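Worksheet: the structure to be examined is printed underneath.
The values are calculated or read from the model by the stated rules, or taken from the named source; none is laboratory data. Because the structure is a prediction, the values reported are computed rather than measured. A quick note on method: Cβ atoms are made from the backbone with ideal geometry, for glycine too, and the neighbour counts reach across all protein chains shown. Side chains are part of the model used for accessible areas, which takes the heavy atoms of the whole protein and leaves out ligands, DNA and RNA. Shrake-Rupley method; radii C 1.70, N 1.55, O 1.52, S 1.80 Å.
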Amino acid sequence: MAHTGGMERRKYKIQPAEVWDKVRQDYLAGLGAEEVAAKYDVTAHALRARATRDGWSRYLHAPAEPVDPPPPPPSLFDVSSDDAAGGDPAVLAEAAALASGRAMRAGRLLEARALAGLAATYRKLEARGETAHGAMTVENAPLQLVYDILMNPLAASDRLAIRPGAADTHLALKEAYWTQQQTLGEKNQEFRHAQLHRRAALDRRVAALEDQLKAAGMEPVAETESARRIRTGVDMVIDCCGKVMSAKDWDKTLDGL
């Protein structure tokens, strides 16, 4: 065996690719360079050179130590279970608005914006008389409730009254109701005026025709007393069969309503 400078010269040996794959695995697993080199019959110098050339980094491949996740931030959306079960949009809108303010003061800007949007959504639901868990409608409302509302319109109107200066979460709904009532009242008034003017025009036409007949020396057809009473509104024909009732008696039928 030859000697150079008092040191033994190691014979160079080329290892196949599958051997270097095992070298890489053990090296990245944390074994020392000399230990891995001796195990697979390569030099430590060759191992380090290949590691540098191919980018073998123990830091990149070291298994990450488990880290406990940070505790979740405290909930800002404070709604009691009773309120949540009821699904009242007014309660939920108020809770979301308060939570948005708390998030803003805590510096949680994204959460504050999301909660503000949630509050706006609940306000829209509340304005339409809906709830997050299903709205009561005419179809599913208790029949006694529907009866009471229809038979007591004054109480319903009082419930929908707008009281200036008072905080009212149902203001939009009340305004919509009274706007519709005003429109219906105006249309009914227009219809009554139209009927009145039509009746007046017919009366004038009949009077003119009677005057023409008299001027021509002819007498108009005599009007019966019953026809005159109906024409002047003293009596009323109240059904399709011609049943006649005096206007005073008809008014009395309204007393029990």
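Points to keep in mind about this one:
- All positions within the range 94-130 that are under 21 Å from residue 167 (Cβ atoms), assigned to a helix (DSSP H, G or I) and open to solvent by 60 Å² or more (accessible area, probe 1.4 Å): 94, 98, 121, 123, 124
- Positions within the range 17-35 being open to solvent by less than 60 Å² (accessible area, probe 1.4 Å) and at pLDDT 85 or above, in sequence order: 19, 20, 23, 26
- Flag if residue 192 is without any contact (Cβ under 8 Å) to a residue 12 or more places away in the chain and either of a type in the set (Val, Ile, Thr) or over 30 Å from residue 149 (Cβ atoms) (or both): no
- Filtered residues of the range 15-41 (kept if more than 17 Å from residue 52 (Cα to Cα), free of Cβ contacts under 8 Å to residues at least 12 places away in the same chain and not in a helix (DSSP H, G or I)): 16
- Subset of the range 90-105 [farther than 27 Å from residue 173 by Cα and touching a helix residue (DSSP H, G or I) at 6+ places or on another chain (Cβ under 6 Å)]: 103, 104
- Which numbered condition residue 199 fails, given (1) of a type in the set (D, E, K, R); (2) in contact with a Lys or Arg (Cβ under 9 Å, 6 or more places away or on another chain); (3) more than 30 Å from residue 92 (Cα to Cα): (2)
- Here residue 78 clears all of (1) at pLDDT 80 or above; (2) charged (D, E, K, R); (3) exposed (fewer than 15 other Cβ atoms within 10 Å of the Cβ) except the condition numbered (1).
- 3 or more residues modelled with pLDDT under 90 and open to solvent by less than 60 Å² (accessible area, probe 1.4 Å): qualifying helices (runs of 4 or more DSSP H) within the range 168-257: 171-215
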